[in-house]
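What follows is one structure encoded as structure tokens, with my remarks underneath.
Just so it is clear, none of the values below were taken in a lab; they were calculated from the coordinates. Small disclaimer: the values here were computed from a predicted structure and weren't measured. Glycine gets a Cβ as well: all are built from the backbone with ideal geometry, and neighbour counts include every protein chain shown.
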Amino acid sequence: MRQGVTYADVRVEDIHERHLATKNGRVAGASSSESYGVGIRVLAGGCWGFAATDDLSASGIERAGALAVEIARASALAKRRDTELAPEPVHVADWTSPCTIDPFSTSVEQNLSMLLAVDAELRRHAGVTLAETSMIFTRRRQVFASSAGSVIDQTRTITGAGFSAFSYQGDEIQKRSYPNSFGGQYQLKGYELIDELQMLQHAPRIAEEVVALHKADPCPEGSFDLILDGSQLALQIHESIGHPIELDRVLGSEANYAGMSFLTLDQLNRLRYGSEIVNVVADARLDHGPGLGTFAFDDEGVAAQSTDVIRDGQFTGYMTSRETASAVGENRSNGTMRADGWSHLPLIRMTNVSLEPGGSTLEEVFGGVDQAIYMETNKSWSIDDKRYNFQFGCEAAWEIRNGKRGRMLKNPMYSGISTEFWNSCAAIANRHHWTLWGVPNCGKGQPEQTMGTGHGASPSRFHGVKVGASSHE
Amino acid sequence: MNDSALLSRKRCQEILHAAVAAARRAGVEDVEIMLGAGEESLTRFANNQIHQNVSERSRFLSVRTMAGQHTARATTNRVERNGIEAAVEQAIALMRSSEPDPALLPLLGGSEKAGNRRYFAEVAETTPAARAQAVAEAIRLVEGEGQTAAGIYSTASSAEAILNSAGLFRYYDETKSVFSITAMDDASSGWAKASSPHYEPAIPITLAASAARKARLSRNPREIPSGEYTVILEPAAVLDLAGQIFGDFSGTALADQRSFLTDRLGSKLFGDNISIYDDVNHSLQAGAPFDGEGVPRRRLALVERGIPTEVAYSRASAVTAGTEPTGHGFPLPNEGGESPVNIVIAGGATTVDEMIASTNYGILVTRLWYIREVEPYEKVMTGMTRDGTFLVEDGQVVCGIRNLRFNQSVVELLKNVSALSPSVRASGEEAFDMVVPAMKVEGFRFTEVTKF
């Protein structure tokens with residue numbers, strides 16, 4: 001290492017992707033991409049420097065390394081304290097995520113044939129004015145090596161797919177999606193996920209619902225018992241628990257862009273975050289499931305772990321890094337540093353931040369109160385930059401009376417304050433209804449990085465939530 | 001014509017020749033390539049110190065092959081002979097597996113055309129030490145106010161080209177510098193951001209002073225109830241909110257019936273004082289003067305005196321609509337079609353100070369945050385105010401207020417603009433950079449108050 005460099009790590013990444021899409025019976029996307037490069041991170045004079053290049057010749061890597069050191073030394077012009085890293089054992093490991101059917105081994109004809117069949121099924125229903133389907137496969141091999149001696153070779157395969165139907169009538173555009181909005185479901189799996197989703201079987205229902213929404217009553221306004229499906233609850237977890245527990249946000253690193261957090265350090269082990277049935281973990285281990293936040297080691301070489309975030313309603317833990325762990329009295333990072341590719345610096349990112357299954361049957365979740373509103377599939381999401389006030393819109397809702405699904409409601413939305421919402425949690429469905437959802441598009445950092453995160457959830461009921469309709473009427 | 005050091009025209013031609021030769025060996029004649037190369041360095045600071053400091057150098061080659069009604073794309077950053085040939089093979093394999101597209105058009109022909117460039121060597125050559133020095137000075141100013149600074153200073157250069165086997169060659173390069181700063185007081189904050197193709201050494205300290213002033217003025221924020229208010233949106237807030245509607249000014253979006261302009265083009269929708277253009281050649285704009293197929297961008301009158309008039313067309317959507325392409329198409333194949341990307345909203349003559357002076361009771365907004373569409377036909381958006389929200393009473397800014405959530409139709413907003421400032425180049429986080437005025441808007445709908 002160059003003089004003054006106290007630590008360095010490198011990540012060489014080779015990323016492959018296939019993307020296919022259809023729109024109204026036509027192929028709207030058929031592309032593949034690959035990206036190969038190296039990111040070099042150094043600690044010199046107590047400051048970080050990072051340089052990335054796709055020139056993997058010896059001279060290219062040498063130039064990038066020298067630039068990283070130059071950048072670290074420039075950082076010292078505005079330094080308050082030396083950066084120190086929590087210790088981590090040296091790891092030498094190979095790890096490949098489980099993948100039953102290699103998605104890249106499937107033919108493009110097979111992929112498109114399935115998507116076009118779904119597309120056709122959606123358009124068979126009168127009133128559907130736009131049908132869209134998509135499928136995406138990603139394989140990322142990463143070799144991490146550090147000056148401490150770690151050498152970690154990881155390969156992760158991710159599959160995603162979904163579809164949406166739109167209907168335009170009068171002055172209204174409605175949308176329904178399966179299995180989730182914004183591209184569907186994404187997991188750390190192979191093509192077996194496509195088979196599990198059974199998209200063709202669900203297409204007629206989605207087409208029928210999107211047209212029916214035009215005739216549905218607007219969601220009523222007021223305070224209601226609210227039941228959320230697992231996919232919407234996954235995004236609720238992401239925004240109102242996942243981001244607030246990122247310790248770099250808490251400490252101010254994201255103040256200019258993504259924002260900060262209401263979970264100031266004095267709240268740890270003191271704040272009643274949720275009701276007593278609320279238990280949340282940040283778990284990157286394969287034992288938790290095939291999530292977008294599942295790996296063996298994070299991007300600074302820390303082994304995957306499970307951290308209690310909320311236990312019996314009490315706030316118990318942040319997501320940390322080697323640099324920040326000491327701020328909360330920990331002597332080891334809990335392994336959440338990830339970058340979205342070789343060209344970017346690892347940041348604290350959600351792993352799989354999941355609401356543990358509850359003890360209720362689905363009948364108890366829906367039938368535990370006389371009247372409730374059930375909302376399904378996210379349509380819009382927004383939360384303030386400290387993560388207090390949120391507002392979510394969903395694609396569809398139904399009135400629930402005595403546990404039975406009643407009239408359909410359109411343009412539903414709900415809003416609240418994060419801790420008040422989680423403290424109103426009254427019932428959580430059991431493991432039989434629990435799904436590990438993938439959020440593929442989480443933005444953070446400058447330059448902005450887009451990361452996939454995992455969120456396990458089952459349908460749950462919340463008491464006294466402010467509900468309304470997002471219509472302009 | 002000068003070339004960027006990142007990507008020369010000669011190298012572009014060499015790569016095209018290699019791609020065409022590889023395709024011909026596989027019996028494919030029609031090849032289009034897109035090339036890009038860039039360097040971006042970003043110095044990031046928080047808690048009054050530099051905490052992340054990065055530099056990235058990258059390239060890409062994207063190959064599209066075409067045969068009959070079939071097309072597909074493969075992208076790589078291995079821009080040497082093996083990588084080029086592998087990308088061509090991959091595109092051909094995908095193309096041959098793909099379903100036919102009856103609407104697919106032949107490659108656009110043409111030759112090399114000289115275009116404007118916005119490349120300034122002093123930006124491209126900014127050193128880590130120069131960025132760190134500017135950041136240190138900005139931090140000192142904010143710290144002198146007893147506040148805490150966070151932000152970025154980035155400098156970047158990039159070059160891009162599109163060429164095809166029918167003779168088309170388009171090339172563009174530019175530089176960009178961005179400075180953004182948040183100044184935080186005990187219970188308040190202020191923010192300022194600017195971007196430019198040029199190197200403007202005074203910008204960091206000017207923006208730091210502005211952010212610090214806003215943080216100081218909004219100390220001890222008062223809570224006011226939600227409801228309808230007169231608002232004064234500074235240019236960044238206008239960009240954040242108005243920027244959400246321009247994807248709908250698209251021939252493909254109209255054909256898909258997913259645009260709020262469906263059945264409304266040519267009808268009076270906004271106020272007489274609203275005129276909006278797409279103009280890549282505007283002196284305050286940036287970006288390539290051609291689209292994803294190489295069609296030169298032409299100026300669009302998107303809205304004239306409140307009437308949506310023109311939308312963008314790719315070559316394919318222009319054929320469907322029986323009109324000419326406008327140079328706003330995305331690279332093929334794609335789902336979205338096209339979109340305007342160089343927005344210029346015509347301004348007026350009222351300064352922000354004059355807007356404040358003419359307001360009896362209202363709210364001054366620096367910036368908006370986390371904006372999402374909740375209703376697509378009236379373009380109802382929700383989001384939050386952030387980093388400098390003030391109460392205006394009797395013509396004066398009287399105090400900072402707690403941040404508010406809005407649920408506001410952009411269509412309604414553009415009907416209710418009572419004053420506009422001269423337009424400036426604005427930069428935010430919720431939409432791409434635009435040339436926009438500040439706006440005074442009547443009846444802006446805030447629905448909730450947050451806790452800070």
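For region B:199-273, the Kirkwood estimate of the hydrodynamic radius, built from every pair of different alpha carbons, is 16.9 Å.
Its Cα centre serving as origin, the protein assembly as shown has a Cβ charge dipole (Lys and Arg +1, Asp and Glu -1) of approximately 580 debye. Annotation for A:Asp266 and A:Ala93: the two label points, set 7 Å from Cα along the Cα-Cβ direction, are 3.8 nm apart. A viscosity of 1.306 mPa s and a temperature of 10 °C, combined with the Kirkwood radius over Cα pairs in Stokes-Einstein, give a translational diffusion coefficient for region B:9-203 of 82 µm²/s.
In order along region A:446-454, the phi-based Karplus estimate (6.51 cos²θ - 1.76 cosθ + 1.60, θ = phi - 60°) of 3J(HN,Hα) comes to 9, x, 5, 10, 10, 10, x, 10, x Hz; Gly and Pro are listed as x.
The equivalent ellipsoid that matches the C-alpha gyration tensor of region B:113-195 spans semi-axes of 39, 14, 8 angstrom, in descending order.
The mean number of Cβ atoms from other chains found within 10 Å of a Cβ in peptide A:34-41 is 4, as a whole number.
Choose one of B:Thr206, A:Gln187, A:Ala258: the residue whose Cα lies farthest towards the positive end of the charge dipole of the protein assembly as shown (beta-carbon charges +1 Lys, Arg; -1 Asp, Glu; about the Cα centre). Value computed over the given set: B:Thr206.
Per residue of A:249-262, other chain Cβ atoms within 10 Å of the residue Cβ number 6 on average.
With both labels modelled 7 Å from their Cα along Cα-to-Cβ, the B:Thr309 to B:Cys399 distance reads 4.7 nm.
Protection proxy ranking for B:173-185, A:447-459, using the average of other Cβ atoms within 10 Å per residue and placing the highest first: B:173-185, A:447-459.
Amide H to amide H distances under 5 Å link A:Gly406 with A:Glu399, A:Ile400, A:Arg401, where only residues 5 or more positions off or on other chains count and H is placed in the peptide plane.
Less than 5 angstrom separates the built amide H of B:Ser423 from those of B:Gly347, B:Gly348, all sequence-distant by 5 or more or on a different chain. The ellipsoid that matches the Cα gyration tensor of chain A has semi-axes, each √(5λ) in whole angstrom, of 40, 28, 18, with the longest given first.
At an R0 of 60 angstrom, the distance between the Cβ atoms of B:Ser283 and A:Thr6 translates into a FRET efficiency of 0.80. Distance distribution note for region A:272-431: the fraction of Cα pairs above 18 angstrom is 69%. Helical content of chain B, expressed as a calculated mean residue ellipticity at 222 nm, amounts to -6500 deg cm²/dmol (DSSP H runs of 4 or more residues, -39,500 (n - 2.57) each, divided by residue number, nearest 500). Calculated mean residue ellipticity at 222 nm for chain A: -5000 deg cm²/dmol, from DSSP H runs with n ≥ 4 weighted as -39500 (n - 2.57), summed, divided by the residue count and rounded to 500. As a rough guide to protection, the peptides A:235-242, B:314-321 ranked by mean Cβ packing within 10 Å, highest first, stand as A:235-242, B:314-321.
Restricting region A:163-237 to GluC sites (Glu not before Pro) that sit in a DSSP loop and have at most 12 other Cβ atoms within 10 Å of their own Cβ leaves A:Glu221. Considering all C-alpha pairs of region A:243-361, those separated by over 21 Å amount to 37%. When the trypsin sites (Lys or Arg not before Pro) in region A:96-203 are filtered for DSSP coil states and for at most 12 other beta-carbon atoms within 10 Å of their beta-carbon, the remaining sites are A:Arg124.
Peptide packing: for A:300-306, A:110-116, the average count of neighbouring Cβ atoms within 10 Å per residue gives the ranking A:300-306, A:110-116, highest mean first.
In straight-distance terms, cross-link reach from A:Lys410 covers every one of the lysines whose alpha-carbon lies under 21 Å from its own, apart from those fewer than eight places away in the same chain; here that gives A:Lys175, A:Lys215, A:Lys379, A:Lys466, B:Lys379. Computed from backbone phi, the HN-Hα couplings of region A:166-182 come to 10, 9, 10, 9, x, 10, 9, 10, 10, 9, 10, 9, 8, x, 7, 7, 6 Hz, rounded to whole numbers (Karplus: 6.51 cos²θ - 1.76 cosθ + 1.60, θ = phi - 60°; Gly and Pro given as x). Note that region A:1-48, at 25 °C in a medium of 0.890 mPa s, gets a Stokes-Einstein diffusion coefficient of 173 µm²/s from its Kirkwood radius over C-alpha pairs. Potential lengthening of the chain between A:Glu276 and A:Glu192 amounts to 26.6 nm, from the contour at 0.36 nm per residue minus the alpha-carbon distance. Counting only Cα atoms, the size of region A:35-180 along its three principal axes is 67, 41, 32 Å, in decreasing order. Taking a ≥ b ≥ c as the square roots of the eigenvalues of the alpha carbon gyration tensor, region B:151-300 is oblate, as a/c is not under 1.5 and a/b does not beat b/c.
Sort the protein assembly as shown into rounded, prolate or oblate with this rule: let a ≥ b ≥ c be the square roots of the eigenvalues of the Cα gyration tensor; rounded if a/c is under 1.5, and if a/c is not under 1.5, prolate when a/b is larger than b/c, oblate otherwise. Taking the square roots of the gyration eigenvalues as a ≥ b ≥ c, the protein assembly as shown is rounded. Note on A:Ala148 and A:Asp312: their simple-model spin labels are 3.4 nm apart, each label 7 Å out from Cα toward Cβ.
Summarise the partner chain shielding of B:136-148 as one whole number: the mean count of Cβ atoms from other chains within 10 Å of each residue's Cβ. Partner Cβ neighbours, averaged per residue: 1.
Using every pair of separate Cα atoms, the Kirkwood estimate puts the hydrodynamic radius of chain B at 23.7 angstrom.
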